[in-house]
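The values are calculated or read from the model by the stated rules, or taken from the named source; none is laboratory data. On a predicted model such as this, the values are computed, not experimentally measured, just so you know. Neighbour counts are summed over all protein chains in view; Cβ atoms, including those assigned to glycine, are modelled from backbone coordinates with ideal geometry. Quick note on the areas: whole protein, heavy atoms, side chains included, nothing else; ligands and nucleic acids left out. Shrake-Rupley method; radii C 1.70, N 1.55, O 1.52, S 1.80 Å.
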Protein chains: 2
Amino acid sequence: MTQERNVSDAKLGANYTPRRGWFHTWGELDPGQVAEDLAQIADLGLDHVRIFPLWPHLQPNRTRISTAAVDELLSVVDIAGEQGLDISVDLLQGHLSSFDFLPAWVSTWHRRNLFTDPEVLQAQQALAAVLGDELAAREHVTGMTLGNEIGQFAVSYHPDPHPVADAEATDWTRALLETVDQHLPGRRNHHSFDDTLWFKDDHPFTPADAVTLGASTTVHSWVFTGAGQTLGQGHPALALFGRYLIEVAELWQRLLGAPRDRRIWLQEIGAPVPWVAPEDAAEFATTSIRAAVSHRSVEAVTWWCSHDVSRDLADFPEVEHSLGLFDERGRVKPVGEAIGALAAELREPGTDPDGIAEQSVQDGDAADGFPVPELALDGANRSVLGPRGEVFARWAAEALEGRVRPLVVDSSVTEDTMRHSASPSNPVDAERVFSS
Amino acid sequence: MTQERNVSDAKLGANYTPRRGWFHTWGELDPGQVAEDLAQIADLGLDHVRIFPLWPHLQPNRTRISTAAVDELLSVVDIAGEQGLDISVDLLQGHLSSFDFLPAWVSTWHRRNLFTDPEVLQAQQALAAVLGDELAAREHVTGMTLGNEIGQFAVSYHPDPHPVADAEATDWTRALLETVDQHLPGRRNHHSFDDTLWFKDDHPFTPADAVTLGASTTVHSWVFTGAGQTLGQGHPALALFGRYLIEVAELWQRLLGAPRDRRIWLQEIGAPVPWVAPEDAAEFATTSIRAAVSHRSVEAVTWWCSHDVSRDLADFPEVEHSLGLFDERGRVKPVGEAIGALAAELREPGTDPDGIAEQSVQDGDAADGFPVPELALDGANRSVLGPRGEVFARWAAEALEGRVRPLVVDSSVTEDTMRHSASPSNPVDAERVFSS
């Protein structure tokens with residue numbers, strides 16, 4: 001089946017960041033402004049948006065779901081439909097652009113674990129049910145995602161962590177997805193996470209959660225998590241990091257017995273300064289997206305983000321002010337124009353989106369793959385694939401030369417080899433290739 | 001001057017807790033519902049309300065003040081005016097009924113000290129300026145309070161404390177009050193705190209902050225902070241705890257050289273179960289308020305709260321569901337009727353509100369006061385006056401017998417005496433008098 005798809009069938013969209021007021025406009029929505037923003041996205045030729053309500057607005061008390069907040073959310077959904085855009089909705093925010101938004105009823109005096117407290121879980125599922133029921137009536141809703149990178153709350157270095165065991169993280173994800181699937185049936189519902197799931201050995205959310213739960217496997221590609229530091233600012237291979245993450249996801253799908261036709265959604269990718277200079281963002285985006293959609297499993301790419309965060313807003317990481325396809329005054333940026341051009345190109349039937357031939361490994365052809373060390377299926381040594389290691393460095397060096405290979409486990413490759421710098425006996429001198 | 005006032009000139013009002021949806025109605029205000037709630041309060045004969053916006057709604061980003069949230073706040077202020085009610089507005093919530101509401105920009109990854117971070121303080125002052133300017137145009141606004149019991153965030157046992165040195169706490173309070181006074185001139189602006197300020201030796205907010213800053217000294221009387229545990233459920237002296245706190249406040253005013261005519265606002269007092277049984281709430285309220293307003297310095301008493309918190313809302317301490325003058329269906333409760341009757345009585349000129357004669361100490365007549373140990377002016381031994389100690393127990397025993405005395409420092413009284421249980425040589429056997 002998958003072999004017969006046109007390589008250009010991937011959807012191309014944007015994570016919607018309201019131009020005026022960012023997500024602080026929840027609670028004071030201006031439908032005209034939303035329509036203006038979403039029309040810009042649609043006019044660029046993108047086909048979908050992903051949106052992010054704030055959990056404390058939707059559910060200010062454990063047993064109160066705000067009708068007004070739900071209505072406001074639905075009005076954004078409806079405006080997207082009017083603009084011809086498909087839309088997916090993230091349930092629990094949770095975490096957005098360095099800010100955490102948690103209701104008072106899970107904080108300080110009422111602090112309870114987001115992933116294990118039975119009453120918290122009951123409330124989350126109640127919210128999922130209410131939103132799912134409402135969204136089910138809207139055909140252009142592609143699905144819901146449990147919450148933007150919500151696993152960040154469970155990671156050990158979070159300043160106020162909600163620790164969770166691996167099995168509990170799986171249970172939480174499975175149960176909430178089941179509720180969403182029940183109330184929003186026939187759509188593609190997802191679990192969302194940053195790349196620490198793929199690369200942090202002790203992360204309680206594991207590759208198994210990523211590749212066996214949800215309608216497809218989501219991938220968030222940010223070169224500031226290690227690729228930039230490894231390769232250096234402006235390195236051309238940074239634009240292959242998204243594709244690398246897709247290969248990592250597909251490797252885990254194979255290792256963990258996911259269906260062969262399981263798809264991958266590059267749910268977030270952006271061009272962050274200083275790793276990608278503003279003048280390079282358009283090329284970075286074009287290369288990144290071509291490399292992604294040329295992979296047979298990729299069903300969609302969703303750029304982060306639609307609109308730059310206004311400089312009127314304080315305390316954002318610097319990078320967040322320049323990730324948009326449109327600037328804070330609403331003017332399309334070169335990266336927006338580039339993605340718009342690419343969207344037009346991808347709509348042409350039969351397009352080979354970047355000339356990178358379909359490289360995904362098929363069952364039995366692992367001999368053509370890029371060899372990586374054996375991986376514990378529980379993720380205990382998953383960091384060997386991380387962006388600061390040799391696997392990525394060498395894979396990227398090959399990919400830059402046009403050889404984009406799937407990752408395959410090769411028991412003759414040891415972790416030690418891959419955790420150390422390239423040696424003279426290695427064909428690729430990572431230090432040389434990747435100096436910026 | 002103060003001697004010539006009629007003892008019954010104190011204002012009587014309620015802390016407004018919206019009947020439907022509590023403070024979660026911010027962001028989705030129903031003006032008709034607010035009007036209905038406030039009309040009930042006015043119809044009872046009360047003359048003012050105190051209201052509580054939520055900080056994250058008003059200021060979702062450090063440099064963004066929500067026009068919509070400000071407008072919503074002003075609409076409540078205007079509705080109060082239409083109902084003939086004066087109104088005071090608390091700035092930073094902050095803390096309400098066990099829940100903490102803090103913006104994302106001072107939490108987790110963006111955690112900054114609420115009382116010392118220069119940018120946080122700048123933002124708080126910007127918000128104070130905006131609200132002050134708007135409120136200044138409204139004659140029925142009596143003033144602003146910095147934030148409900150905001151010092152709770154600084155106390156050592158807070159689960160996520162914002163520690164502050166004594167001098168920094170003073171600086172914070174003074175500076176923010178100055179800003180409020182500047183933008184809302186000619187009104188009575190206040191600092192608000194729970195009774196740990198009076199009784200916790202290491203509390204960074206000190207009695208000096210209470211009695212020298214703000215238009216008057218505020219007092220919050222809750223018998224669950226120790227008086228109930230000391231005296232027992234249902235003890236009649238519990239209704240004198242509010243008056244005791246007023247005496248404590250006045251003692252500190254004298255010790256710290258506050259103006260002789262400085263007033264005291266009993267800004268919160270309520271009848272909490274299980275310490276006050278529901279059937280005793282009306283009598284508790286009547287006795288408490290009579291005992292308070294008979295003190296020459298008391299300018300107002302504001303009952304907590306107007307409306308019971310609905311049982312539809314989860315995670316509130318049990319007590320919060322029964323503190324209202326009206327129940328969650330909007331029916332006036334016996335305590336509401338009692339306070340309404342008292343309000344009518346107090347409006348009669350010349351009333352001696354409870355037959356407890358004016359007992360406040362005058363300069364030079366300290367010999368008539370209730371002797372307490374010497375107090376360090378920085379509050380370092382303030383706990384000697386606390387509700388679990390002998391001073392309160394003995395003062396209350398006298399007061400129950402009709403002898404309501406001001407507190408005066410007497411160097412012959414030692415802390416040791418007052419920190420231990422009543423001995424056979426003491427005239428009052430606290431154990432016997434106060435068994436419930």
**Report entry** Filtered chymotrypsin sites (Phe, Trp or Tyr not before Pro), the stretch A:130-221: DSSP coil and at most 13 other beta carbons within 10 Å
**Finding:** A:Y157
Report summary line: Taking Cα atoms only, helix A:67-82 is inclined relative to the longest principal axis of chain A by an angle, in degrees rounded to 10, of 60 degrees
Report task. Tell me which residues come under 5 Å, amide H to amide H, from A:N381 once H is placed; ignore anything under 5 positions away on its chain. Result -> A:A376
Report summary line: With R₀ set to 60 angstrom, the calculated FRET efficiency between the beta-carbons of A:D78 and A:D201, to the nearest 0.05, is 0.85
Query raised in the report: What is the mean number of Cβ atoms from other protein chains located within 10 Å of the Cβ atom of each residue in peptide B:158-164, rounded to a whole number?
Result: 2
**Report entry** Cut-off 12 Å between beta-carbons: net charge of the residues surrounding B:L92, Lys and Arg +1, Asp and Glu -1
**Finding:** -3
**Report entry** For the stretch B:375-384, Karplus couplings with θ = phi - 60° (6.51, -1.76, 1.60), whole Hz, Gly/Pro x
**Finding:** 10, 5, 5, 7, x, 5, 10, 4, 5, 4
Query raised in the report: Once you charge only the Cβ atoms, +1 for Lys and Arg and -1 for Asp and Glu, what is the size of the charge dipole of chain B about its Cα centre, to the nearest 20 debye?
Result: 200 debye
Query raised in the report: Where is the GNM fluctuation largest for chain B (alpha-carbon springs, 10 angstrom cutoff): B:N15, B:N189, B:N113?
Result: B:N113
Requested in this report: Could you tell me the largest-minus-smallest coordinate of the C-alpha atoms of the stretch B:11-346 on each of the three principal axes, in descending order and whole angstroms?
Outcome: 49, 47, 38
Report summary line: Interchain or sequence-distant (5+) residues whose placed amide H lies within less than 5 Å of the amide H of B:H95 are B:F101, B:N148
Requested in this report: Could you pull the copy-to-copy label distances for A:V332, with points set 7 Å along Cα to Cβ, in nm to one decimal and sorted shortest first?
Outcome: 6.6
Query raised in the report: Of all accessible surface on the stretch A:210-342 at a 1.4 Å probe, what whole percent is carbon and sulfur?
Result: 53 percent
**Report entry** Rotational relation B to A, axis-closest Cβ in chain B, residue and distance rounded to whole Å
**Finding:** B:G27, 2
Query raised in the report: To the nearest 500 deg cm²/dmol, what mean residue ellipticity at 222 nm is calculated for the protein assembly as shown from DSSP H runs of n ≥ 4 alone, each contributing -39,500 (n - 2.57), summed and divided by the residues?
Result: -10000 deg cm²/dmol
Report task. Return the sequence-ordered ³J(HN,Hα) values of the stretch A:217-224 in whole Hz as given by the Karplus equation 6.51 cos²θ - 1.76 cosθ + 1.60 applied to θ = phi - 60°, using x for Gly and Pro. Result -> 9, 9, 9, 10, 10, 10, 6, 7
Query raised in the report: How large is the accessible surface per residue of the protein assembly as shown, computed with a 1.4 Å probe and reported in Å² as a whole number?
Result: 35 Å²
Query - Pairwise burial A:B, computed as accessible area of each alone minus the pair, summed, 1.4 Å, Å² - result: 3000 Å²
Requested in this report: List, in order, the whole-Hz ³J(HN,Hα) value for each residue of the stretch A:55-60 obtained from phi through the Karplus relation with A = 6.51, B = -1.76, C = 1.60 and θ = phi - 60°; use x for Gly and Pro.
Outcome: 4, x, 6, 5, 9, x
Query - Net dipole in debye of the protein assembly as shown [+1 Lys, Arg Cβ; -1 Asp, Glu Cβ; about Cα centre; nearest 20] - result: 260 debye
Query raised in the report: So which residues of the stretch A:98-113 lose at least 30 Å² of accessible area, probe 1.4 Å, when you go from the chain by itself to every protein chain present?
Result: A:S98, A:F99, A:D100, A:A104, A:T108, A:W109, A:H110
Query raised in the report: From the label point of A:R347, set 7 Å from Cα along Cα→Cβ, how far away are the matching label points in the other copies, in nm, ordered shortest to longest?
Result: 7.0
Report task. Tell me which residues come under 5 Å, amide H to amide H, from B:V372 once H is placed; ignore anything under 5 positions away on its chain. Result -> B:V408, B:V409, B:D410
Report task. Calculate the length of the line joining the C-alpha centroid of the stretch A:207-276 to that of the stretch B:124-194, in whole Å. Result -> 48 Å
Query raised in the report: What lysines could a cross-link reach from A:K11, if we take a straight Cα to Cα line under 26 Å and drop same-chain neighbours fewer than 8 places away?
Result: A:K333
Query raised in the report: To the nearest Å, what is the center-to-center distance of the stretch B:371-388 and the stretch B:59-101, using C-alpha atoms only?
Result: 36 Å
